[in-house]
1. Gain in length, Arg35 to Thr241, computed as 0.36 nm per residue apart minus the alpha-carbon separation, to one decimal in nm?
2. Please identify every one of the trypsin sites (Lys or Arg not before Pro) in region 1-74 that sits in a loop by DSSP and has no more than 11 other beta carbons within 10 Å of its own beta carbon.
3. Quick one: how many lysine pairs does the chain have with C-alpha atoms less than 28 Å apart and a gap of 8 or more or different chains? Give me the count, please.
4. Contour minus end-to-end for Ala70 and His131, with contour as 0.36 nm per residue of separation and end-to-end as the Cα-Cα distance?
5. Please list, by residue number, every one of the chymotrypsin sites (Phe, Trp or Tyr not before Pro) in region 144-231 that is coil in DSSP and has at most 12 other beta-carbon atoms within 10 Å.
6. Under a Cβ-only charge scheme (Lys and Arg +1, Asp and Glu -1), can you give me the dipole magnitude of the chain about the Cα centre, in debye to the nearest 20?
7. Using Cα-Cα distances under 8 Å and only pairs 6 or more residues apart, what relative contact order does the chain have, in percent?
8. Share of region 168-267's accessible area from carbon and sulfur, percent, 1.4 Å?
Amino acid sequence: MGEALIRGFLRAKVSTPSKICCSVKDWERRDALERLGIGSIFGDATESGAEEVARFARIVFLCTKPQACAEVLQSMAPHMTPDHLVVSIAAGITINTLEEGLGHGTRVVRVMPNTPALVQSGASAYALGTHATPHDAELVDLLLGSVGFCIRVEEKQLDAVTGLSGSGPAFVYLVIEALADGGVAAGLPRDTALALAAKTVAGAAQMVFSEDETSVLGMVHPGVLKDRVASPAGTTIAGLTELESSGVRGAFIRAVTRAAQRSKELAG
Ligand SMILES: NC(=O)c1ccc[n+]([C@@H]2O[C@H](COP(=O)([O-])OP(=O)(O)OC[C@H]3O[C@@H](n4cnc5c(N)ncnc54)[C@H](OP(=O)(O)O)[C@@H]3O)[C@@H](O)[C@H]2O)c1
């Protein structure tokens with residue numbers, strides 16, 4: 001995910017490789033970062049990496065797995081200054097844990113991004129820590145906004161965000177795969193079916209953000225869009241009837257709420 005953000009920032013030109021440094025553990029990741037042009041690559045953040053990153057950068061993204069965070073925060077803490085802003089993307093690691101780990105007074109922002117940030121189509125939400133400033137919020141808006149949609153929420157809403165937009169890409173991949181299978185079952189070649197399925201999902205999502213006389217806050221309700229394409233006794237309503245009788249709507253609601261609940265469980 002960290003690498004996806006770097007690629008997104010570079011592609012969106014909000015930073016350049018010479019302004020970015022990284023701390024990594026494995027040589028494999030180092031090679032991938034070098035291929036992006038990043039020259040300042042430091043070692044393990046539980047060793048000298050934390051100090052080297054803190055010396056190089058003022059905005060530090062914490063992108064390790066949640067299990068690795070405690071040790072990394074401990075190593076970062078002695079090197080944090082009032083100039084540093086720490087942006088954590090670690091699922092389930094609370095602002096309180098981050099602030100306690102880094103030392104009180106550290107400016108912290110907790111973010112839940114998602115992988116489509118890699119193609120400038122991310123959907124991220126963030127919550128400000130106790131000492132983060134309005135300027136920090138602007139910075140995070142700028143950075144995450146450069147790789148997609150970004151919205152500020154209260155920290156208690158981040159589990160729900162994790163269940164929806166954090167896990168959501170996987171749910172949608174399953175939908176795309178199933179639509180493509182349907183296309184194949186109905187007689188299309190696999191590549192044609194997959195392309196049509198993915199473009200249909202992308203196009204339908206874009207329609208939600210189109211403006212018309214019914215739109216509210218720049219969005220058209222999906223129910224309105226659905227009704228417009230379901231003509232009486234037509235093909236679409238026949239398909240929709242199948243979906244409703246299969247309980248698809250409830251399955252998605254349960255998928256999001258179960259993922260949100262799991263996020264809460266993992267946070268402990
Ligand atoms: N994947 C998603 O869709 C997604 C969405 C939202 C949030 N997140 C959050 O993003 C974080 C990363 O997830 P991921 O899936 O991207 O995991 P990942 O691919 O395993 O990336 C973790 C990164 O942390 C580095 N790392 C681990 N320990 C380190 C240490 N001691 N010093 C320096 N670097 C260290 C690893 O370096 P090496 O490669 O060198 O081992 C790796 O680059 C997690 O906290 C997750 O909750 C992920």
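1. Full extension of this stretch gives 69.2 nm more.
2. Here the sparse-neighbourhood loop sites are Lys13, Arg58.
3. Lysine pairs meeting the criterion: 10.
4. Separation in residues times 0.36 nm, less the Cα-Cα distance, equals 20.0 nm.
5. Phe209
6. My answer is approximately 240 debye.
7. 14
8. Here it works out to 67 percent.
The values are calculated or read from the model by the stated rules, or taken from the named source; none is laboratory data. Quick caveat: nothing in here was measured; it's all calculated off a predicted structure. With ideal geometry, Cβ positions are generated from the backbone for all residues, glycine too; neighbour counts draw on all protein chains shown. The accessibility values were calculated without ligands, DNA or RNA, using every heavy atom of the protein model including side chains. Shrake-Rupley method; radii C 1.70, N 1.55, O 1.52, S 1.80 Å.
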